1. No solvent, one uniform scatterer per C-alpha: report log10 I(q)/I(0) for the range 39-113 via the Debye equation at q = 0.24, 0.25 1/Å, two decimals.
2. In terms of modelled amide H atoms, which long-range or inter-chain residues lie less than 5 Å from the amide H of Thr57?
3. Could you compute the FRET efficiency for Met68 and Ile96, with r as their C-beta to C-beta distance and R0 at 41 Å, rounded to 0.05?
4. At a 1.4 Å probe radius, which order do Thr117, Thr27 fall into by accessible area, largest first?
5. Please label the shape of the range 27-75 as rounded, prolate or oblate, based on the square roots a ≥ b ≥ c of the eigenvalues of the alpha-carbon gyration tensor (a/c under 1.5 means rounded; beyond that, a/b larger than b/c means prolate, else oblate).
6. Is there a quick way to get the dipole size of the range 44-140? I mean about its Cα centre, with the Cβ of Lys and Arg at +1 and of Asp and Glu at -1; what is the value in debye to the nearest 20?
7. ³J(HN,Hα) across the range 32-37 via Karplus (A = 6.51, B = -1.76, C = 1.60, θ = phi - 60°), whole Hz, x for Gly/Pro?
8. If Ile96, Ile45 are ordered by their accessible area, calculated over protein heavy atoms with a 1.4 Å probe, which sequence runs from highest to lowest?
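The values are calculated or read from the model by the stated rules, or taken from the named source; none is laboratory data. This is a predicted model, so every value here is computed, not measured. Note that we place each Cβ from the backbone using ideal geometry, even for glycine, and neighbour counts take in every protein chain shown. Quick note on the areas: whole protein, heavy atoms, side chains included, nothing else; ligands and nucleic acids left out. Shrake-Rupley method; radii C 1.70, N 1.55, O 1.52, S 1.80 Å.
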Amino acid sequence: STLFTQYGVSGVPSFFMDGLAASSRGTTFPSAYATAKLKKSPTSIGLAWLIGGGAGTQLQVDVNNVEMMRPGGEYRMRVCITEDNIAYQGSNGEPIHSQAMRYFYPDLDGFEVPTTTGNHVFTFGVDLDPSWVYSNLRATVYIEDLASGEFMQSATNFLKDMEYYISAAGDDVRECRVLVQRRHEGRAVQELFVRRGSRHAHGTGGAERS
């Protein structure tokens, strides 16, 4: 309900892009998308799903600021687990729902993102409800400029596709990263870095900056 209030959602379907554009008709989006995809994001996001090492399951998020964010700005990183293929007869007639939000970690306030350049690593425990279907679960992360409401960058991937097994507590997992996307000459580029681990993480390419 907090997000419904924030974005003024009063019915479905409602469409949002970059946290700014809103419409009840998806036909208005192609032109807005064409404009938005030319914007250069100052940051990229990498994700890894860590298993073992005595710490349970954890999500590691690498925020790589290739440019300094606006000084004085307040940026928050929101992290949620979503689930695909949820069977529920919605009031809009849709019986199957994908990327349905299950839970925000640690809460809806998320994490403060530094404005300085360089790589900033966030690692935290994520408990999954046993009723959720693991193969349908994704981690979805986005960075929001609180002043404007604009999303500066986002990334998503299935947990099963970015598993990284830790052999012991304290294992260096920073080498296992998926830099999901960056901007280069007006297009999104996926970068993949894999180092150690019994099962390697890999990326899906994700969406454009959304």
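1. One equal scatterer on each Cα of the range 39-113 leads to -1.15, -1.18.
2. Amide H neighbours of Thr57: Val126.
3. Numbers: r = 43 Å, r/R0 = 1.04.
That pair, Met68 with Ile96, gives E of 0.45.
4. Details: Thr117 80, Thr27 105 Å².
Result, largest first: Thr27, Thr117.
5. Numbers: a/c = 3.42, a/b = 1.75, b/c = 1.96.
The shape class here is oblate.
6. Values: 5 positive and 11 negative charges, 24 e Å.
That gives a dipole near 120 debye.
7. Going residue by residue, I get 5, 5, 4, 6, 5, 5 Hz, with x marking Gly and Pro.
8. On the way: Ile96 90, Ile45 0 Å².
The ranking, largest first, comes out as Ile96, Ile45.
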